[in-house]
1. Of Pro150, Pro109, which residue is open to solvent by less than 50 Å² (accessible area, probe 1.4 Å), modelled with pLDDT under 95 and within 17 Å of Phe240 (Cβ to Cβ)?
2. Please go through region 167-201 and give me each residue that is of a type in the set (D, E, K, R), modelled with pLDDT of 95 or more and open to solvent by 70 Å² or more (accessible area, probe 1.4 Å), ordered by number.
3. In region 36-62, which residues are assigned to a helix (DSSP H, G or I), of a type outside the set (A, V, I, L, M, F, W, C) and touching a residue at least 24 places away in the same chain (Cβ under 8 Å)?
4. Residue check: is Ala266 crowded, with 16+ Cβ neighbours inside 10 Å and without any contact (Cβ under 8 Å) to a residue 40 or more places away in the chain?
5. When you look at Asp65, is it within 28 Å of Cys250 (Cα to Cα), surrounded by fewer than 18 Cβ atoms within 10 Å (Cβ to Cβ) and either among the acidic types (Asp, Glu) or in contact with a Lys or Arg (Cβ under 8 Å, 6 or more places away or on another chain) (or both), yes or no?
6. Inspect all residues belonging to region 205-226 and state whether any of them is without any contact (Cβ under 8 Å) to a residue 24 or more places away in the chain and among the β-branched types (Val, Ile, Thr).
Amino acid sequence: MTPPLQSCFDEYAKRIGVQPSDTAAAASHRASIKQKLEARYGQIGFFRSGSFGNGTAVSGHSDVDYFAVIDRRHLRADSNKVLAEVAELLRERFPRTGVRVDRPGVRLPFGVGGDELTEIIPVDEVGKTPAGFRQFDMPDGDGGWMFAAPESHNAYVTEHDKRLSGQLKRLKRLKRLKRLIRIVKAWKFVNNIAIRSFYLEMFVTQYAKSEHIILYEIDLLNIFMALKDQRLPDIVDPQFPKLDRKLEPCKTVVQWSDSLKAVEQAATRASEAQDAKFAGNIKGSYAIWDRLFQYNLPPLKA
């Protein structure tokens, strides 16, 4: 029998996953965006690049990210000018949507209250990574271009998700690493914490490389403790360590400072929840976890 807290987190992970309505909304916008860009740039590649298609998105919070692969003849050396141009094109098509540049992409807040966030990132395909994944140059936020290989990172997460899903027959196909990532991202979103989602995805997967099974309460505690003890560190891109490419947790120092406080609080509460569980107080442990997730966890089953 699955322990009640494990079942609770499993149910939560399912509830916050991408829903059919999310997929339908994304599809309805995709064709219009692609058509508008192709009218200006000619034939382009267009694919989902972020967590939405990788099983780690949080419904109602995660952006739907697209890479728009544009022929380099149409790109400028100054990536900020490219972003401004793409934003202007999309404003013509969606004049009431509030289209804006949000480096490294252009953000379109569709839906009531902007809850169907879509981000378009103009890129140049420049070759293949050593593992054979497509490699791109994308805007770096300062007017230049930087390395990107999202398909490689998605494969990294999927590799370890499959490894962990296959350890026990009864756990097979539950995709618990991806669910764990989704839960950590949900903690970030419901508490309005400014840690980058991609950073959390890579940090959690890197942590899980040495694990043999996912037990949510234990792994959440370990992740929060690691983030606290390491003081929310920059991490080397686990897929490209030879490039010495650092992944930063936040955009600004102020965001980092505020996020570190949130991580410290999460580590404290997760530890208290585990203490309550070990003392035999499952309901008390659940109450602490539920508070940490802003009372969004499903009810605890007996």
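The values are calculated or read from the model by the stated rules, or taken from the named source; none is laboratory data. Since we're looking at a predicted model, the values are computed, not measured. Positions of Cβ are generated from backbone atoms using ideal geometry, with glycine treated the same way; all protein chains shown enter the neighbour counts. Just the protein is used for accessible areas: all its heavy atoms, side chains included, with ligands, DNA and RNA removed. Shrake-Rupley method; radii C 1.70, N 1.55, O 1.52, S 1.80 Å.
1. Values: Pro109 fails: within 17 Å of Phe240 (Cβ to Cβ).
After applying the criteria, what remains is Pro150.
2. Hit for region 167-201 is Arg196, nothing else.
3. Initially, region 36-62 is screened for residues assigned to a helix (DSSP H, G or I), giving 36-41, 51-53.
Retained after the next criterion (residues that are of a type outside the set (A, V, I, L, M, F, W, C)): 36, 38, 40-41, 51, 53.
Listed by number, the residues that qualify are Lys36, Arg40, Tyr41, Ser51, Gly53.
4. Details: crowded, with 16+ Cβ neighbours inside 10 Å: yes; without any contact (Cβ under 8 Å) to a residue 40 or more places away in the chain: no.
The answer is no for Ala266.
5. Values: within 28 Å of Cys250 (Cα to Cα): yes; surrounded by fewer than 18 Cβ atoms within 10 Å (Cβ to Cβ): no; either among the acidic types (Asp, Glu) or in contact with a Lys or Arg (Cβ under 8 Å, 6 or more places away or on another chain) (or both): yes.
Taking the combined requirement at face value, the residue does not satisfy it.
6. The first filter runs over region 205-226 and keeps only residues without any contact (Cβ under 8 Å) to a residue 24 or more places away in the chain, leaving 207, 210, 222, 226.
Next, only the ones that are among the β-branched types (Val, Ile, Thr) stay: none.
No: region 205-226 contains no residue that is without any contact (Cβ under 8 Å) to a residue 24 or more places away in the chain and among the β-branched types (Val, Ile, Thr).
Residue-by-condition table, conditions (1) over 18 Å from the mean Cα position of the chain (by Cα); (2) of a type in the set (Gly, Ala, Ser); (3) open to solvent by 40 Å² or more (accessible area, probe 1.4 Å):
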| residue | (1), (2), (3) |
| --- | --- |
| Asn222 | yes, no, yes |
| Val254 | yes, no, yes |
| Leu260 | yes, no, no |
| Ala273 | yes, yes, no |
| Ala279 | yes, yes, yes |
| Ile282 | yes, no, yes |
